[in-house]
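The structure appears below as structure tokens.
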Amino acid sequence: MESLKKRILAEGQAIDADILKVDGFINHQVDPVLMTEAGKEFANFFADKGVTKVVTIESSGIAPAMMTAAALNVPMVILKKQPSKKLNPKLYQTEISSFTKEISYELTMSQEFIGENDHVLIIDDFLANGEAATGAIRLLRFAHATIAGVGVLIEKSFQPGRKKLEEQGIEVCSLVRIAKMETNHIELMD
């Protein structure tokens, strides 16, 4: 997606070889026009996959997931990092590790909103090691749902996330793929 590439190169900040800061248009301040365009791109890519729901992990994936769900005219479901068993005792749970935050946490999904008749598209902001997407896939499989694919705004292609997902038979759509990063330098793939 050309507009996303331009924003990453103009405003993204490579903190080091692994961390890309995109706070001005994705993670802290969200550009709704850019997210609408991203949602349309994902919807076009997965248009023939029979998607019944879009799922994302709170919080940075919410904007592109919402726009994708709107473009596909299906509901969006948010997977939570901080479950409230008092509010919802019927949860599927799994533990995942966050690369950027260097912590593990419980990822939860309400049993009420995803079931065996759902064919689910997972949307997120980044794909690096594939831990978040793999955790989401585990939760969806607990519910006996099927996976339509994974769409990410930005893929760090030098990390193993795509390979992990493809080895599970999951189709991946990345709007921008980063070939290499180092402090204050970002190289994109064609």
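Laid out as a table, the results:
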| read-out | value |
| --- | --- |
| Subset tally (residues that are open to solvent by 30 Å² or more (accessible area, probe 1.4 Å), assigned to a loop (DSSP other than H, G, I, E, B) and at pLDDT 95 or above) for the range 45-60 | 5 |
| Which numbered condition Phe142 fails, given (1) farther than 26 Å from Val22 by Cα; (2) open to solvent by less than 70 Å² (accessible area, probe 1.4 Å); (3) aromatic (Phe, Trp, Tyr) | (2) |
| Of all residues making up the range 113-142, the number that are closer than 13 Å to Lys53 by Cα and over 12 Å from the mean Cα position of the chain (by Cα) | 9 |
| Residues located in the range 1-44, provided they are assigned to a helix (DSSP H, G or I), open to solvent by less than 50 Å² (accessible area, probe 1.4 Å) and of a type in the set (Asp, Glu) | Asp23 |
| Some residue of the range 117-132 being modelled with pLDDT of 90 or more, assigned to a helix (DSSP H, G or I) and farther than 23 Å from Lys5 by Cβ | yes |
| Subset of the range 157-171 that is open to solvent by 10 Å² or more (accessible area, probe 1.4 Å) and within 21 Å of Lys5 (Cβ to Cβ) - its residue that is nearest to the chain's Cα centre (by Cα) | Arg162 |
| Number of positions in the range 172-186 that are at positive phi and crowded, with 19+ Cβ neighbours inside 10 Å | 0 |
| Conditions (1) at pLDDT 95 or above; (2) at negative phi: number failed by Ile96 | (1) |
| Any chance Ala179 is among the hydrophobic types (A, V, I, L, M, F, W, C) and over 14 Å from the mean Cα position of the chain (by Cα) | yes |
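The values are calculated or read from the model by the stated rules, or taken from the named source; none is laboratory data. It should be emphasised that the depicted structure is a prediction, and the values quoted were computed from it without experimental measurement. As a convention, Cβ positions derive from the backbone with ideal geometry for all residues, glycine included, and neighbour counts pool all protein chains shown. Just the protein is used for accessible areas: all its heavy atoms, side chains included, with ligands, DNA and RNA removed. Shrake-Rupley method; radii C 1.70, N 1.55, O 1.52, S 1.80 Å.
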